[in-house]
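Report on the structure given below.
The values are calculated or read from the model by the stated rules, or taken from the named source; none is laboratory data. Remember, it's a predicted structure, so these values are computed and weren't measured experimentally. Backbone-built Cβ (ideal geometry, glycine too); neighbour counts: all protein chains shown. Note: areas computed on protein heavy atoms with side chains; ligands, DNA, RNA excluded. Shrake-Rupley method; radii C 1.70, N 1.55, O 1.52, S 1.80 Å.
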Amino acid sequence: MAVRESGLVAAIQKEIRKQYPDAWLFKVVGNPYQETGVPDLLVCVNGLLIGIEVKFPYPNETVEHALSRATPQQQVQIMRINRAGGMAGVVASVEAALELIERGLKHRREESDGTQHHPA
């Protein structure tokens, strides 16, 4: 069990590498020369860019509260990735990170199959 955010990020990286061995995975390390709010992990799976912002739930903190700690800058970057056709979100567990990837891949498949419902 991860005991802090860096441990949770490492556990997510390990599981992504196991589940998606051909994926490109990049751990973002913030510095003064980059845009603020870039998600902790950038992953490319089957041509889909996925941004994963990780929030470790503190003891006695609900998952919902942990997820709400995403900063306005992080929320803007997530929105920009989603708007550009990628998939991005905030997660608080390994399972949620894998679900985010699967949701993105499912959406991509539906788009390419033409099975996605569009308003008339």
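Within the chain, what is the number of lysine pairs with alpha carbons under 20 Å apart, leaving out pairs fewer than eight places apart on the same chain?
Total qualifying Lys-Lys pairs in the chain comes to 5.
Quote the relative contact order of the stretch 23-107 in percent (integer), defining contacts as alpha-carbon pairs under 8 Å separated by 6+ residues.
28 percent
Give me, ordered by chain and number, the residues 5 or more places off ALA88 or on other chains with an amide H under 5 Å from its own placed amide H.
GLY51, ASN82
Pairing the Cα long axis of helix 72-83 with the longest principal axis of the chain, what angle in degrees results, from 0 to 90 and rounded to the nearest 10?
For helix 72-83, the angle is close to 20 degrees.
Taking the Cα centre of the chain as origin, sum charge times position over the Cβ atoms of Lys and Arg (+1) and Asp and Glu (-1), and report the length of that vector in debye to the nearest 20.
180 debye
Express in whole angstrom the spacing between the alpha-carbon centres of the stretch 1-30 and the stretch 46-120.
When both Cα centres are located, 15 Å separates them.
Could you give the accessible area per residue of the stretch 13-120, probe 1.4 Å, as a whole number in Å²?
65 Å²
Any chance you could give the angle, 0 to 90 degrees and rounded to 10, that helix 94-113 forms with the longest Cα principal axis of the chain?
10 degrees
Given VAL28, LEU105, LEU49, which one lies farthest toward the positive end of the charge dipole of the chain, if we put +1 on the Cβ of every Lys and Arg and -1 on the Cβ of every Asp and Glu?
With unit charges placed on the Cβ atoms, the residue in question is VAL28.
Based on the mean of other beta carbon atoms within 10 Å per residue, what is the order of 82-93, 99-110, 46-57, most packed first?
Order by mean packing, descending: 46-57, 82-93, 99-110.
Kirkwood Rh, the chain, all Cα pairs: how many Å?
15.0 Å
Sketch the reach of a paramagnetic label on MET79 as a point 7 Å from Cα along Cα-to-Cβ, and name the residues of the stretch 27-58 whose backbone nitrogen lies under 16 Å away.
Under cut-off, by backbone N: 36-39.
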